[in-house]
Every structure is written in structure tokens, then in C-alpha cells.
1. Round to the nearest 0.05 the FRET efficiency obtained for Y87 and D253 when R0 = 45 Å and r is the Cβ-Cβ distance.
2. Where in segment 288-344 are there GluC sites (Glu not before Pro) that are in a DSSP coil and have at most 10 other Cβ atoms within 10 angstrom of their Cβ?
3. Using helices alone, what [θ] at 222 nm do you get for the chain, with -39,500 (n - 2.57) per DSSP H run of 4 or more residues, divided over all residues and rounded to the nearest 500?
4. In whole Å, what is the distance between the alpha-carbon centres of segment 246-317 and segment 367-441?
5. DSSP loop chymotrypsin sites (Phe, Trp or Tyr not before Pro) in segment 13-120 with at most 13 other Cβ atoms within 10 Å of their Cβ, which ones?
6. Rounded to the nearest 20 debye, what is the charge dipole size of the chain about its Cα centre when +1 sits on each Lys and Arg Cβ and -1 on each Asp and Glu Cβ?
7. Count the net charge of all other residues whose Cβ sits under 13 Å from the Cβ of E308, scoring Lys and Arg as +1 and Asp and Glu as -1.
8. Taking 0.36 nm per intervening residue step and subtracting the Cα-Cα distance, what contour gain separates Q433 from R209 on full extension?
Amino acid sequence: MTTITNHMPTAELQAIDSAHHMHPFTAGDELAAKGPRVITRAEGVWLNDSDGHRIIDAMAGLWCVNIGYGRTELADVAARQMRELPYYNTFFQTTHVPAIALAQKLAELAPGDLNHVFFAGSGSEANDTNIRMVRTYWAMKGKPTKSVIISRKNAYHGSSVGSGSLGGMAAMHAQGGMPIPDIHHINQPHWWAEGGDMTPEEFGLARARELEEAILELGEDRVAAFIAEPVQGAGGVIVPPDTYWPEIQRICDKYEILLIADEVICGFGRTGNWFGSQTLNIRPDIMTIAKGLSSGYQPIGGSIVSDEVADVIGQGEFNHGYTYSGHPVASAVALENLRILEEEDVVGHVQRVAAPYLKEKWECLTDHPMVGEARIVGMMGSIALTPNKETRAKFASEPGTVGYICRERCFANNLVMRHVGDRMIISPPLVIQPEEIDVIIDRARIALDEAFTKIKEDGLWVAAS
Ligand SMILES: *Cc1c(COP(=O)(O)O)cnc(C)c1O
């Protein structure tokens, strides 16, 4: 039996890693010089590394381990499913019980008439499905020119060529020939960074109306869909002003543009409801799901689709699918994850216990000299680091310099908190308890203090002019 154990010294593991393992979103040479942290096991909200540190994971892995680590029920379900039916596909007019059961459960959980699921192996794949599905939908309705998908700058929708094109990350578009044609990006509702002298409410409306302007400019006969995360995650946990989503919904309704809510992070309890669309009062035609769907225990994603879209797509052959669409082991594990979320009322725990407690503690961080604003929705939060709270100034240094220093100090204090530019973000497991939230906040404060000292020492406590 193959076993992967941690019997080697850390330095040796790191040397082999740098010799053979190419990391996502990483500068390889820089990492090789420094050596990655080797995570060996995890339980609840806690990670262990190969040096024996006990680290609190305020990011739930990559926003995905909603039920926390170490739930052996999921391991048992996976083992049982592997013995019974480790693999079969859902092409060519076949199906299997785990995919059937998971599709039914998702249709039950999803709001409105979102009753149909197209499975994928990840969020990126699901958004690739969405690109082809919305364009095929309009083609089947006799409107093949409606192929443009409107998205937003600084959105994250995945890292494949299609989903990376949908996303609005400039650094990603700069590599490898993205974006693909007929993707149009409007500005994001990021008031802190871009709101200027407007109130958040005015700014939210103005940014939403960019969707209408884009539709009018491109022509209604050209636009297929608008895609957005209810709350931008990887872009920096950008919580839109209250005026934003109602106006977006109005515009999508008025021009009959399909609305795709990318729920890969927001779904499965993250915002305090099953889906972010419920928290923000959105009526999507399609929802992208992944991450919390299986709490990251297995790679699985998908698109939950309205009756109308599924009816139209079903009228012909949709020439699309993945070998692992509805993979039986991944589906069975996802179903068990949903059972736990439901039976243990994890969403209720978020609403009544974890989110109110985290919000109170998180918002207190604004008393730190470097923290400008603290935003939080459910269990996803961000703080803006700034040299001047009054003017919402940016630092004079390259964006991300200060954020990186702060993340380094979090790391050194055994706290996983990420930085996006000069914003710090958290997205802890939903099952986190108040005393564990205290640990996150205590360590975050220490890290902020240490970073503040270093930033002043390094001459970085300077506002951009
Ligand atoms: C992570 C993410 C994706 C991509 O999912 P993968 O499983 O990494 O392909 C898509 N959309 C959003 C909002 C995400 O956060």
C-alpha cells in the first residue's frame, strides 16, 4: 500500500518540492530560495506543519473547508463509494446514484427555480461550462449574436482560459493570451479604493449603471449574460454598497440578460445563508458552485441552472462535459458534506453565533493605526491597510508591499490570513467557535503591530501622492 508520510526533515521535503513541484500563483525561484511551509495534518480549524507548529486557518484552506478539517464521516463515505463504484461517467445516457442524489439535493437547496445541475470538477470548469451554456442558450433561441458576457475588473472566476477571461485580474490577462473574445469588463463596486468623493450609495448606483451603459453601447442584441460574485472574494472581499445589487438586478431584468451568480465562495453558508444570492437578494439564472460544496474534501463544482435555461439547452445536444462530471466519489462526499451542514445547522451557527461574534471583533480592528475600514459579510471579511484613514490613501510603495509584510507577520504568528494588495482578508471554517475567533483576532493584532513597526522602520509609512 502506498503511504505518504512525513518522515523526512522539512529541509529535505522542501528541496524535493522545489526540484519537482510547480506551485500555482507562485514565483518558483523565490519560493525555492525560501522553502514552502509543509502542512502535514489538520483538525477543526487547526493546521499542523512539519516543524510542529499549530496554525489557525482563518482562510479555510482556499475559502473551502466550510465544515472544518478532520471529519471522518467524509472519509468513510469516500471509501465506501470507492468500493462500490469508484468511477463511472454521466455521458451517453448513463447515470449513477451519487450524481442523482446530489443533483436532487442541490435543486432542493438552491433558491427559486434553479432545479438543474451540470457537474464539473472545479469552479473554473463550471464557469467554462457557463460561458458555453449561455451562448448556446441564446443561439438555440435564435439569437446567436448574443455572445458577449459582461464581467467586472478584479473579479475572480477561475484560472482556465475561459474562466480566467471572465475574471478581471490584469496580471492573469497579461499571461497566455487572455481574455478570449466577447468578454467585456466593467468597473467593480469597490468604494474604499475607487469611490472618490461619492457616498457609498451614490457610488454603488454609479457602478451598477455601468452595466446598463455597457449593454447600450454593445447593443442589446450582443449581450448574453452578466457574471459576478455576490461578494468579490479573491479580489479582496469587496462588499458592494447596498445600492449596487438591486440596480444590477433591475438592469438584468430590463434587458433580459442572463445573470450568473458565481457562488463558488459565497455558497454553502459563507455569507450566513445557503447562498450569497439570498443574502444579497439576487435572482440568478445560473449559479456557479464549487469549494464549500464538498468543503474541499473532494474536487467538485457545477452550475445550478434555472428551469428556463435547462429547458432550452435540453432541446439539442450540448456538446460539452468532463470525464469527471458528477464523479461518484466526489458526489458522495459532497452529499455527506451537505448532510453535515444541514443536520448540524451550520448555517444557523453562522447566523446566530459565529458571524455576529466575528463581526464585532473584526470591526474593532479599525482602532489600529493602520486599519482604515473593516468589512464583513457572514464569515468573509477584509480590512484595508492605509497610511491615512481620513483620505483613504494608498501607500506610496508598490501595491501589496505592505500587505505582504503583514501576511508574513501573520505567518510568523501561526495565523493564516491572506493579503490582496494592501487588504487583509479572512474566510475561516464556518464551524469556528468564539474562543477560536479570539485566537484569530489576538494573533491578527500582534501581526498588525509587528507589521506596523517594520513598515515604519522600512520607511514605508508614506501615502501615495
Ligand atoms: C476559486 C474560485 C473559482 C475557481 O474555482 P476552482 O475550483 O479553483 O477552479 C471561481 N470563482 C470564484 C468566485 C472563486 O473564488
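Quick note: the coordinates plus some simple rules give every number you see, no bench work behind them. Worth saying up front: this structure is predicted, and the values here are computed from it rather than measured. FYI the Cβ positions are ideal-geometry reconstructions off the backbone, even for glycines, and counts take in every protein chain you see.
1. 0.60
2. Numbers: sites: E308, E317, E336, E342, E343, E344; in loops: E317, E344.
Sparse-neighbourhood loop GluC sites (Glu not before Pro): E317.
3. Working: 18 runs with 188 residues, N = 465.
So the helix-based figure for the chain works out to -12000 deg cm²/dmol.
4. Here the two parts' Cα centres lie 28 Å apart.
5. Values: sites: F25, W46, W63, Y69, Y87, Y88, F91, F92, F118, F119; in loops: F25, Y87, Y88, F91, F92.
Passing both the DSSP loop test and the Cβ count: F25, Y87, F91, F92.
6. Here the size comes out at about 420 debye.
7. Values: positive: K141, R283; negative: D113, E256, D285, D307, D311.
In short, -3.
8. Numbers: separation 224, 0.36 × 224 = 80.64 nm, distance 4.03 nm.
76.6 nm is the gain from fully extending Q433 to R209.
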